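The values are calculated or read from the model by the stated rules, or taken from the named source; none is laboratory data. Keep in mind that this is a model prediction, so the values were computed, not measured. All Cβ positions, glycine included, derive from the backbone under ideal geometry; neighbour counts span all protein chains shown.
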Amino acid sequence: MRYYILIITCCLFSITYGQNCNYKLSGNIHDFHDGSAITGATIYIKTLDRYTTSNIEGNYTIEDLCKGLLTFEVSHLGCETKIIKVQINGDTQYEINMEHHIEELNEIKIDASGNPKLTKTSQESQLKTKTLERFSAFSLGDALKHISGVSSINTGNTIVKPVINGLHSSRVVVMTNGVRLQDQEWGIEHAPNIDLNAAGSINVIKGANSLAYGGDAIGGVIVLKPQKISLKDSLYGKTIVSGQTNGRGYSIASTLTKSWQKGWYFTGQASAKRFGDFEAPDYSLTNTGLDSKGFSVNTGFKTFEKGFNVYYSYLNNQIGILRGSHIGNVEDLNNAINLQNLVGIINKEPLGTEDFSYEINAPRQDVTHQIIKADFYKRFKKFGRLEVLYDFQNNQRFEYDVRVGDDRNKPAIDLTLKTHTLKSSLKIDTNTNAVYRFGLALGFQNNFANPETGVRRLIPDYDKYDAGVFAISNFKLNDNTNLDFGLRYDFNKIDAKKFYRTSRWIERGYDVDFANIVIDDLGTQLLVNPVLNYHNVSASAGMSHKFNDKNTIIFNYGLSNRAPNSSELFSDGLHHSAARIELGDLRIKQETSHRISGSYQFKNKSLSLNLESFLNHINDYIFIKPTGTEQTIRGAFPVWDYIQTDALLYGLDVTANYNFSRKWFLNNKSSFIKGRDLIKKEALIDIPSFKTVNVLGYLNKKWLNFNAELQSELILMQNDYPNNNFEVYIPTTEEFILLDISTPPPTYHLMHFESDITIKLSEKTDLNVGINVTNIFNTSYREYLNRLRYFADDLGRNFMLQLKLNY
Amino acid sequence: MKTLKNLSILFMSALVFTACSNDDDNPEPVNEEEVITTLTATLIPVTGGTTVTLQTRDLDGDGPNDPVVSVSGALASNTTYNGTLELLNETESPAEPINAEIEAEDDEHQFFYQITNSLATFEYTDFDGDSNPIGLEFTVTTSANLGTGTLTITLRHEPSKSDTGVSDGDITNAGGETDIQAVFSISVE
């Protein structure tokens, strides 16, 4: 061995000594994915200022090279330019892999309008960084309302849940940085625990066509991605500060990223928001403040071939809930509803209204969500990309009620939800015209309800096991036609331990149907151990076809099954803000959705139009409705039961943009939706009413990038609603009254204005100054999908000033 | 591949760990601390006679069973009764008295008494630190009218005791939230 080394060294030495400059570097340039030859790639040696190109077989030769390190650049249309270093010690063979259709690159170049999509045949929209930054002080739900067909269901103005085509909560999957958010999303008053400032872009996919994210997203999927990191040696960041009059609050968010050309990157992000009591036009909304703090770190390494990412995020929200919405019984509810009908009487403010304060008292929520994620990917030559992801989420929810005595500062709800997920997916993309993706997901979830609260558990202790497999494929028939198919199977198992009042157990008929699951009898209470298994099959098929540069159509079909969530199964108790007893049902089975949709897109120089229609038929649709009243020592309460029916939802979402000139534009977003209960032949409850938003905008790049928009938002009264009114005896007035909990609030129209300029402070530093006025005319209104609409008006006028510094 | 292996080990161990920590034992039952199951009003005639008790009792709290309401007998006309209320949480054993809790926060609580058909009048005899009424102690004076009607007892948490009529026992402007509302059928003979 030693001899060989010696000989080689001698040879090398003699060669060097000879200062020979006629070595040859040759090889083949081919595509990384399918190994096909790349013709016409340019090789440029900067130090020698010499060019060559690969021939039709992808071969290249560079002659007359001296010994030493040779650095050259390889470029080809549609590929990422590569810098290659080769040690020349003689005639050298060197194979070059080019990356032809890099996803990361595709996302930027796929079409000039910069609308990167995650799917090709779904109804998908995107909010870009610039739009998200405007909502820095607000919530995910507020930002998403700017997509046609997305609305929100609110509890006040700080608990905002997105509603996609009339569906929400467990029917909408939220993905953040590759992690499916598990934050007790079943409850209407549980807002997604997302800090908008941590997202670089948000894609919303309507319907259950993106099976990679889950098979149960009957409503749709919301995908949040962090800011794209470009691989160069740099350090950059941004800070957004805003202050507003309504709520007398501020918000600050800052991001800093360090990246290295070699592939390493690190991003740190933190944000804080603080608001006091918000104000309706005529009165203060006592105890509606918000205190939110969050930070995240995102680090890793990425190259085309391999990479990993480690992510941690922390978010704590303390949210006050309108004091006047905490009520004792139906009589209190009746009093609250009657307040709004006292037209002409100035003092119609909600009960418990006080002067402005930053204090957040009971009723309030204190929710902390933490995510730890690690993922890893590797690309295999002539094969595809393998990805493995693990995440752990810890969701701690405290809800404080108005309580007396020693319990005053004790939470009424104390739930800890822990979720582990392991996912793996393999994408086979050797043939760009037929891309396949296979995936596997395993999940374990544990919910713990702390008994120290002194209040019966709303959600019981449970363990949940999930396993899913999927296969999806994308076929590109030609430049204008794409086809997608997908199939997914999920197994869910819930193993719960729950205490039932013996009287409730009998009233529900469980003593007959579930007698065998009772594990302990405490006299007035029973401990039971329901173990529920669900098998869910989902499928999707989609097609997009581009007739020409102007006209495109998309069709798709999605089949999806969703297992009932813990609230639908186990709810059993009194809901204070609604003055109702809510009851789940152990017998509830999964719901099945068949969704057909069609889109038409038109685009020319000045007009762009996107029409999205859908029809969603849901068998065994799970929903809650009043079924009677029960008497307690507090008085009478209506009972709301989770039941199943067959439902049909259909609608049309319109997005249109018209540029009059380079400077002026008009924009319209409208959505129309109907929901029917097919068995009872009546309207479904909580379906968003017709909404249309018109924007007149002006842009002028010469005036410091001046931008101004005047917005008109019109929401019509929902005329199609089920009548759930009920008659109740009011002892204090000694009469029977009809309690109107069904009639939606009247039509309202709001005007908003926003404007911003960008000032260049230095070569790398931009300052953006924006002002924003919402509800310019201080209009009093109530929104049908706000659960506090019985108690108070929505927000009055707000002035906001926002400063954004990019550096 | 090694990363994959490590990840799966991490996952498995996390799974085992979480599973072990919770699976073995059953959850503890919750002691409901604030539930009021029983309200008893005892009316003792000042000048001697038959004591009348009115009781509402809902042992399953917010459960499906209705409260059991009982009235021991008829009230005598033209009689003044000294009344007291006793509140209990009978989901606990022994039953937990609640009166003290209300007395400790008497400025935040007030009982209201409403009697129909002018069968009787009512007066507070206990007051909080601001000289506003509470209503755990009171007097009921029946009139000369004979007949039947209802007596409604309402407990409001955080009422506005200073609003018009509230301290005189008029619930109209009281606001707050209802903690107890019981309706008794009474008769005056």
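Residues of the range A:507-537 that are hydrophobic (A, V, I, L, M, F, W, C), more than 39 Å from the chain's Cα centre (by Cα) and facing chain B (nearest Cβ under 8 Å): A:ILE519, A:LEU522. Taking the criterion of being surrounded by 16 or more Cβ atoms within 10 Å (Cβ to Cβ), assigned to a strand (DSSP E or B) and aliphatic (A, V, I, L, M), the residues of the range B:57-85 that qualify are B:VAL69, B:VAL71, B:LEU75, B:LEU85. In the range A:398-411, of all residues being surrounded by fewer than 22 Cβ atoms within 10 Å (Cβ to Cβ) and in contact with a Ser or Thr (Cβ under 9 Å, 6 or more places away or on another chain), the one that is nearest to the other protein chains (Cβ to nearest Cβ) corresponds to A:ASP407.
When the range A:291-319 is filtered for residues that are more than 29 Å from A:LYS82 (Cα to Cα) and not small (Gly, Ala, Ser), the ones remaining, listed by number, are A:ASP291, A:LYS293, A:PHE295, A:VAL297, A:TYR312, A:TYR314, A:LEU315, A:ASN316, A:ASN317, A:GLN318, A:ILE319. Screening the candidates B:ASP163, B:ASP107, B:ASP179, B:ASP130 for the property of being assigned to a strand (DSSP E or B) and either of a type in the set (Asp, Glu) or over 20 Å from A:GLU734 (Cβ atoms) (or both) yields one hit, B:ASP179.
The range A:595-710 holds strands (runs of 3 or more DSSP E) entirely within its bounds, and those carrying 3 or more residues that are within 30 Å of B:GLY176 (Cα to Cα) and assigned by TED's automatic domain parsing to the domain that holds A:PRO731 map to A:607-632, A:635-659. For A:GLY454, indicate whether it is over 30 Å from A:SER325 (Cα atoms) and of a type in the set (Gly, Ala, Ser). Against the criterion (over 30 Å from A:SER325 (Cα atoms) and of a type in the set (Gly, Ala, Ser)), A:GLY454 does not qualify. Number of residues in the range A:74-87 that are modelled with pLDDT under 85, surrounded by 14 or more Cβ atoms within 10 Å (Cβ to Cβ) and of a type in the set (A, V, I, L, M, F, W, C): the value is 2. Scan the range A:88-131 for residues that are farther than 30 Å from A:THR239 by Cβ, at pLDDT 85 or above and in a helix (DSSP H, G or I) and jot them down. Passing the criteria: none in range. Of the listed requirements (1) more than 12 Å from chain B (Cβ to nearest Cβ); (2) part of a strand (DSSP E or B); (3) of a type outside the set (Val, Ile, Thr), A:TYR377 misses just one: (1). Only a single item in (1) more than 11 Å from chain A (Cβ to nearest Cβ); (2) loosely packed, with under 15 Cβ neighbours inside 10 Å; (3) within 19 Å of the chain's Cα centre (by Cα) is not met by B:ALA100, and it is number (1).
Looking at A:ILE679, A:ILE741 in this structure, which one is of a type in the set (A, V, I, L, M), over 23 Å from A:PRO162 (Cβ atoms), away from every other protein chain (no Cβ under 14 Å) and loosely packed, with under 15 Cβ neighbours inside 10 Å?
A:ILE679
Evaluated against (1) without any contact (Cβ under 8 Å) to a residue 40 or more places away in the chain; (2) in contact with a Gly (Cβ under 9 Å, 6 or more places away or on another chain); (3) at negative phi, B:ASN117 falls short on exactly one condition, (3). In the range A:682-705, the residue that is surrounded by the fewest Cβ atoms within 10 Å (Cβ to Cβ) out of those that are modelled with pLDDT under 95 and of a type in the set (Lys, Arg) is A:LYS702.
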